[in-house]
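What follows is calculated from the coordinates using simple rules that are stated; it is not laboratory data. Treat the numbers as computed from the prediction; the structure is a model and nothing was measured. As a convention, Cβ positions derive from the backbone with ideal geometry for all residues, glycine included, and neighbour counts pool all protein chains shown.
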Amino acid sequence: MPSLFTLVRALIGITALSSRPSAASLQTVTNWGENPSDISTMQIYVPDKLAANPPIILGLHPCGGTGQMYYGMTKLPKYADSIGFILIYPTTTKETNCRDCHSNKTLTHEGGGDSQGLVNMVKYALNKYNGDPTKVFAVGGSSGAMMTNVLAATYPDVFNAGASWSGGPGRLLQWGDIARGCYPGYSGNRTRMIIAHGTADPAVLYSLLGMQLAQWSNVLGVSFSKNMTNTPAQGWTEMIYGDGSKLVGLSLQGGGHIPRFQEEKVLKFFGLM
């Protein structure tokens, strides 16, 4: 027969477990809106404590990946729990799970490509959760980083800022006029960008970091100001353009493909911390 001490300890454990708040989890959404290029899946992470008019971050997986995988690649869900923003994780299964970053459809505002389907996911979340349309962001790795650039160029009216990790400029090797041409006639605010790359990336050329910075410095009208070494962490170099509020580059010495995501640096750049 168990002792009184054993019974009391078990009761305390049961009470503690039953009093814990339910944990948010990644949920699949169907019928989020028009899906012209047949993106396969939308998953969403809504924290238990949601901010009033929550910000929304779209997280874009690399080639060969899934939304579920990219959900686990950063600590953004942890920060969503504390800050109260929403995370969206789409999955594409076409072209070895790579995003369409190059077709005329996806590179045209409301052109019927992947970019339009992704924006419709954002619009779904804005409407359902009364999100803040001035605080919509995109982050991505590799193919997802390239799509982040595409979204910044094609939907600057939707995305306040983007974070590109091991990507390349919209329409590879092209510059500001191409980015502006994705949404002809648009004269509003342009998407701010923070762009990271490892110097030893074996998959995406390191030189594409400079090409992205050249593209966005042209679009945003800012020039290189200074480098800051060992920022935001040891081995990283931060490249400041203008006052650093519109465009920042991050280079990791010896870093490989899709270096560790710098959550606090990105969230501060987004204005969420």
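Once the C-beta distance of residue 69 and residue 30 is scaled by a Förster radius of 22 Å, the resulting FRET efficiency is 0.60 to the nearest 0.05. Computed over neighbours whose Cβ is under 15 Å from that of residue 41, the net charge equals 0, Lys and Arg +1, Asp and Glu -1.
The angle between the Cα long axis of helix 207-220 and the longest principal axis of the Cα atoms of the chain comes to about 80 degrees, rounded to the nearest 10. In this structure, the pairs whose alpha-carbon distance is over 25 Å, taken from 78/128; 105/265; 49/123, are 105/265. Cβ-to-Cβ counts within 10 Å put 241, 129 in ascending order as 129, 241, the fewest first.
Rounded to the nearest whole Hz, the Karplus-based 3J(HN,Hα) values (6.51 cos²θ - 1.76 cosθ + 1.60, θ = phi - 60°) of region 232-237 follow the sequence x, 8, 4, x, 8, 10, with x at glycine and proline.
Taking Cα atoms, how many degrees apart are the long axis of helix 4-19 and the longest axis of the chain, rounded to 10 and kept between 0 and 90? Roughly 30 degrees, rounded to the nearest 10.
For the chain, the longest principal axis of the C-alpha atoms and the axis of helix 114-129 are separated by about 40°. Among 178, 86, the order by Cβ neighbours within 10 angstrom, fewest to most, reads 178, 86.
Counting Lys and Arg as +1 and Asp and Glu as -1 over every other residue whose Cβ lies under 14 Å from the Cβ of residue 221, the net charge comes to +2. Taking the square roots of five times each eigenvalue of the Cα gyration tensor of region 115-205, the equivalent ellipsoid has semi-axes of 23, 16, 10 Å, listed largest first. Which one, 178, 198, 153, projects farthest toward the positive side of the charge dipole computed for the chain from Cβ point charges (K/R +1, D/E -1)? Towards the positive end, the residue furthest out is 198.
Here region 37-270 is assigned +1 on the Cβ of each Lys and Arg and -1 on the Cβ of each Asp and Glu. Its dipole about the Cα centre then comes out at about 240 debye. Structure remark: mean-square fluctuation, Gaussian network model of the chain, C-alpha springs under 10 Å; the largest value among 132, 114, 177 belongs to 177. Sequentially through region 58-72, phi angles give Karplus couplings (6.51, -1.76, 1.60; θ = phi - 60°) of 8, x, 10, 6, x, 4, x, x, 9, x, 4, 5, 5, 4, x Hz, Gly and Pro residues having no value and appearing as x. Working note: Debye formula, equal point scatterers on the alpha-carbon atoms of region 37-270, no solvent; log10 I(q)/I(0) at q = 0.09, 0.11, 0.15 Å⁻¹ is -0.32, -0.48, -0.95. Here is the short version for the chain: 101, 182 have no other Cys C-beta closer than 4.7 Å.
Please give the net charge around residue 137, taking every other residue with its beta carbon less than 13 angstrom from that of residue 137, where Lys and Arg add +1 and Asp and Glu add -1. Computed value for this residue: +1. Look at 157, 243 and count the other Cβ atoms within 10 Å of each Cβ; fewest to most, that gives 243, 157.
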